[in-house]
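Everything on this sheet refers to the single structure shown next.
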Amino acid sequence: MRRYDFRFRFDNPKESEMPTYHIEMMEGRTVEQKRKLVEEITRVSVEILGGSPESVDILITDVKRENWATGGKLWLERT
């Protein structure tokens, strides 16, 4: 077993069914904004899916505007 696999061992099988959210957004949000976002995603997930808040994983990736394009244009070039 790899060192980090231990966190996936649950006494309650339903705990392992909770989601992992991957959020990609352009950089620039504050830590407080991210904190509120993950609190609300966790709260709603537990409310709808059951389980415990500790079983909800959220990964946030900040993407630079130069690395994100829509409609063939980098967001860095948009006004």
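Bear in mind that the values in this text are calculations on the coordinates, not laboratory data. Worth saying up front: this structure is predicted, and the values here are computed from it rather than measured.
With the convex hull of the Cα atoms taken as the outline of the stretch 37-79, the averaged projected area works out to 4.5 nm². Potential lengthening of the chain between Thr70 and Glu54 amounts to 2.3 nm, from the contour at 0.36 nm per residue minus the alpha-carbon distance. A cut-off of 5 Å between modelled amide H atoms, ignoring neighbours fewer than 5 places along the same chain, links Tyr21 with Asp57, Ile58, Leu59. Along the stretch 42-57 the Karplus relation, 6.51 cos²θ - 1.76 cosθ + 1.60 evaluated at θ = phi - 60°, assigns HN-Hα couplings of 5, 4, 5, 4, 5, 4, 8, 9, x, x, 10, x, 5, 9, 9, 9 Hz to successive residues, with x for each Gly and Pro.
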